[in-house]
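Here, each number is a calculation from the coordinates, and none is a lab measurement. Bear in mind that the values here come from a model prediction, so they are computed numbers and not experimental data. Note: ideal-geometry Cβ built from the backbone for every residue, glycine included; neighbour counts use all protein chains shown.
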Amino acid sequence: AGGQRSRPAVESDSDLPQIRWRMATSWPVSLDTIFGGAAMVCERVRLLSGGRFDIRPYAAGELVPGLEVLDAVQSGSVQCGHTAAYYYVGKNPAFAFATSVPFGLDAQQQNAWLYEGGGNAAVDRLFADFGARAFPAGNTGTQMGGWFKRQIDSPADLQGLKMRIPGLGGKVMAALGVNVQVLPGGEIFLALERGAIDAAEWTGPYDDEKLGLNRAADFYYHPGWWEPGPTVHALVNEEQWAALPKIYQDMFSSACHQANLRMLCRYEALNGTTLTRLLAGGTQLMTYSDEILQAARDASFQLYADSARGDADFRRLFEQWRGFRAELMAWNRTVYPLTRFLHQSEVS
Amino acid sequence: MAPRPAQPPPVQRLLRRWLRPQWPRLWAVSRRIDRFNSAIGRAASWLVLVMLAVGSWNVVGRHLGVLIGHNLSSNALIESQLYLFDLIFLLGAAWTLQRNGHVRVDVLQARWTPRQRALADLLGTVFFLIPFCLLMIGVSWGTVASSWHILEQSPDPGGLPRYPIKTMIPLSFALLALQGISEAIKRLDRLLAPGPSDAMATPDGR
Amino acid sequence: MDPTLWLGPGMFLGALAFLLLGYPVAFALGGVAVVFALLAIGSGVFDPLFLTALPQRVFGIMNNFTLLAIPAFVFMGSMLERSGIAERLLETMSQLLGRIRGGLALAVVVVGALLAATTGVVAATVVTMGLISLPTMLRHGYDKSLAAGVITASGTLGQIIPPSIVLVVLADQLGISVGDLFIGSVIPGLLMAASFALYVLVVAWLRPKLAPPLPPAPAGQVREAMARRLVLLVLPPLGLILLVLGSIFFGIATPTEAGALGAVGAIVLAAMNGRLSRRTLREVSESTLTTTAMVMFILLGSTAFSLVFRGLEGDRLIAGLLTGLPGGATGFLLLSMTTIFLLGFFIDFFEIAFIVVPLFAPVARDLFGPEALVWYGVIVGANLQSSFLTPPFGFALFYLRGVASAEVATGQIYRGVIPFILLQLTVLALIVIFPQLVTGLPALTR
Ligand code: NA
Ligand code: NA
């Protein structure tokens, strides 16, 4: 049919191949902010390539289950994926640093470490063992500290508390005496609502409201000290990456940069709006006491020291990360008076 | 429907002549596979009770644990309930096939002769079951190997190792393929057994 | 021609044709997946490496906590059956109701609803009630079609009255809470049971020959015996129901865990009835293993099928076909319900839940909002319930055929279920028109 239509510049540009990829993700479509990050990578690449480099994002479970994305990229069943590296700490405990660790870096610090502080290179080395390349492609911002059925003021209140919390945060909570539960996402609401568990964490106001957690518990704690600024990564199978034309590689990594920034912006904007609505609806915003925060921080760094003793990758990454973090914290402290002043003198 | 042949079609006669000397050996293979898989299946069925006990303990232990202020449940226990469930159906599938427990749509078969049913089952085993098992073994090999290579653990605190349970995927399909061989031998026997030959009249028009 | 245009639909036709061959559903689906994967690889639609997603999918199924409910509920149903608890429950009920016209059929409906609230395993309820009540009903001159219809229909109540495996699977596919779906389907399930009971009463009243009353029992000591039986035989199973539902409701256990508690409760009941032996335990465990393997391998076969189907872009084809049609919300409801109902004539509810429901779910979410997914789940569940009954592939029909004597013809079973399918569709229409029937109870408990 019509070969006379006008075409984008890239397409008329002759010899670039037509490439179709599949992207497996860890997210249901209903979590539109985080799935939206994956969709944005695909959309940008398609746009930049004039449609010649076509990636289709798949929701969790469509091709592979949400927690099996790395396996799928490694085996080559999909060419790329969009996931959180800390889902794979069972494969290598050091993956935790690639996403977020308790009392680690906030989103801005995390990006500084990844792009300028040697983080990306260190993370790439971890993924190399699994035949994959990793690109930061989203950040949820600082998450919340979970929904509680009752108030917790001191570490003693945590004893025997039943909480749904995965990952390293769960390990720290377990060290503080919490009965850490594994529950599938679909069962969190009912378990919390009926009291089968006393507390549950998901992400932040926007996603938590979707799960209806505000209808199941009254006390909404902050800050989410176990996930100060989690990065989500786009993963690409190494062989598929190597076979890409250079210009497609550039398009892909640019698209990931863009998604990394935009997802954070969307979460920040939507969380602000949602938190206001939640508070108006009766949710009580609570702050973790310094006592609990100190106990949790001590337990966290004890956990890192223990893990570093047992695992070479973890030790290497932890030491590099800790060095960078110390310098960055020192620098950020010099700016802190302004932040503190702004927050304390906020007029509404 | 084709007219009924007066005697067995040539293929059947040839097969019968060729297979008859092998038959005792084939039959022994089938019997051995059946015994092997039924032993595994019977053993696995006791795991049902273990799984229910662990599952109940996970509920009771959690509530009791709060009362006495000591955690009686754990992710290891929660995951072992799941892994027991996996063992039950993965190890039990072959025995279920042996006992004809896998559900089928038998409206047409109800009208067929035993020989026609045997032929359909033989074709199904050769063209569906065994290729499916081979595919599953083939595609899961790499994942299982890399899980062993890194001695993959559960990502959840206090969870169980994952490489043993992942190994059950190819193992289960290997047991199923074995059972498929036994079932094929049994169906072949029924097909080739001497008797009224009407059963061989082109089943369902093929 | 683009091979994806015919390979995708070809898979469906191939599956239908091969399922008719009568080879076990699980492996027919898996086999069709292999055949079409080879065709797809041969015509360059996808790379063989694409299939390495299969072990990940299988592992995802192995790691799915909600599926733990399957062996637990199967065990509970099987234990109630083999220990004779279910049988005596029915006998007592029918004696209580025996003097009412159509009382025996009414007892079947009531016991079916009670068993439904404990097990949710259609095979268990249909087989049990077929064994116990069919001979009794025929002996008392019941019409064969009516008897067959009431048994199979009541047996399928296990599907819509919680707890139920179908609802567990549906909740997973729709991404909603199992508990919400359980609570939401209570009223529709009771409505269905009530409509069956009403139908039985009306038929017995209009045409007494079809459902004659039992001869009156001598009074006096019988009443005392009845009271004892009520306490001994009816209350314990009711207690078990309360244990399972109550532990979910009051947050003592998640639905998954409640299954394990229910199974242990069934063992205790059997022991209290003096029916627990090593042999019973072994038989029940073995049948649990067999049924679980059967169900799980249908999931494994179907996961292979749907992976290849997606690889062939078949999901896009159907999505385009289904969403491209005009009609908005009403059109979508009609289309999705008709599709599920028609597919239900041919294929099993698990395959429908896994292949078609994921296609409808996002559209339903867009059209009605995420809150309405529970309501949508209930109407899909009610619709799937009919698929157990629709000839020729209604599984409940097979289960009854398996235990019915030769004097009941397959045609009589087929004819008998038709009024009940119509009743189910009527209730389905009511739920669609009055969503409060679903949303009312969850709103109250909130
Ligand atoms: Na039920
Ligand atoms: Na059907």
Over the Cα atoms of the protein assembly as shown, compute the convex hull volume and normalise it per residue, giving Å³. 203
Looking only at other chains, what is the average number of their beta-carbon atoms within 10 angstrom of each beta-carbon in C:296-305? 4
Tell me, what are the semi-axes, in whole angstrom and largest first, of the equivalent ellipsoid of the stretch A:263-340 as set by the roots of 5 times the Cα gyration tensor eigenvalues? 32, 18, 15
Would you mind listing how long chain A runs along its three principal axes, going by Cα atoms, in whole Å with the largest first? 71, 45, 41
Which of the lysines could a cross-linker span from A:K91 if the Cα-Cα distance has to be under 18 Å and same-chain partners fewer than 8 positions apart are dropped? A:K171, B:K166
Using the alpha-carbon centroid of each, what span in Å lies between the stretch A:287-342 and the stretch C:230-308? 48
By average Cβ neighbour count within 10 Å, what is the ranking of A:216-222, A:282-288, A:299-305 from highest down? A:216-222, A:299-305, A:282-288
Nearest 20 debye, what's the magnitude of the dipole of the protein assembly as shown about its Cα centre given +1 on Lys and Arg Cβ and -1 on Asp and Glu Cβ? 3800
Tell me, what is the percent relative contact order of chain B, built from C-alpha pairs under 8 Å that lie six or more residues apart? 34
Euclidean distance of C-alpha centroids, the stretch C:1-32 and the stretch B:120-171, integer Å: 24
For A:G138, enumerate residues with amide H under 5 Å from its amide H, sequence gap 5+ or separate chain, H modeled in the peptide plane. A:V232, A:N260
Sort the following peptides by mean Cβ neighbour count (other Cβ atoms within 10 Å, averaged over residues), highest first: C:2-10, A:327-335, C:22-30, A:18-26. C:22-30, A:18-26, C:2-10, A:327-335
